[in-house]
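Taken together, the values in this text are just the output of simple stated rules run on the coordinates, not laboratory data. These figures come from a predicted structure and were not determined experimentally. Because the Cβ atoms are built from the backbone with ideal geometry, glycine has one as well, and the counts that use them run over all protein chains shown.
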């Protein structure tokens, strides 16, 4: 009888070890993905259309996804990355002046909007 219970315990132990091994691998892969998205990868954002006067822009995100951005909103792309309008306060009136690629809410890059902008002297 002792040998049957020890064999059963051995089988259960092997099963538990396999489950723990699979869970460890899944956790390691998730951690590697999280590290890659937040520290190595940088999204390629292309500006398709922008209207600074009304605070409206259309951008193309990675994998061809097109998104509209309005006013002071921040659109999150993936992980720590996002896109939003940069604003400036001119004598009490807020106006939009650029599009920003953000990482953790801080400006990482100003997106190229030169082909959509007609400069007005203020």
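I'd like the full set of residues that are exposed (fewer than 12 other Cβ atoms within 10 Å of the Cβ), over 13 Å from the mean Cα position of the chain (by Cα) and not in a strand (DSSP E or B), limited to the stretch 92-111.
Scanning the stretch 92-111 gives a single hit, 92.
One residue is enough: does the stretch 57-68 have a residue meeting the conditions touching a helix residue (DSSP H, G or I) at 6+ places or on another chain (Cβ under 9 Å), surrounded by 14 or more Cβ atoms within 10 Å (Cβ to Cβ) and in a loop (DSSP other than H, G, I, E, B)?
no
Among 48, 29, 17, which is surrounded by 10 or more Cβ atoms within 10 Å (Cβ to Cβ) and either touching a residue at least 12 places away in the same chain (Cβ under 8 Å) or closer than 29 Å to residue 115 by Cβ (or both)?
Testing whether each residue is surrounded by 10 or more Cβ atoms within 10 Å (Cβ to Cβ) and either touching a residue at least 12 places away in the same chain (Cβ under 8 Å) or closer than 29 Å to residue 115 by Cβ (or both) leaves just 48.
Would you confirm whether or not the stretch 30-47 contains a residue that is out of contact with any helix residue (DSSP H, G or I) (no Cβ under 9 Å at 6 or more places or on another chain) and in a strand (DSSP E or B)?
Within the stretch 30-47, one or more residues are out of contact with any helix residue (DSSP H, G or I) (no Cβ under 9 Å at 6 or more places or on another chain) and in a strand (DSSP E or B).
Of everything in the stretch 74-91, what is outside any strand (DSSP E or B) and under 15 Å from the mean Cα position of the chain (by Cα)? Give them in sequence order.
Once the filter is applied, which keeps residues that are outside any strand (DSSP E or B) and under 15 Å from the mean Cα position of the chain (by Cα), the stretch 74-91 yields 79, 80.
Determine, yes or no, whether residue 54 is exposed (fewer than 14 other Cβ atoms within 10 Å of the Cβ) and under 13 Å from the mean Cα position of the chain (by Cα).
Taking the combined requirement at face value, the residue does not satisfy it.
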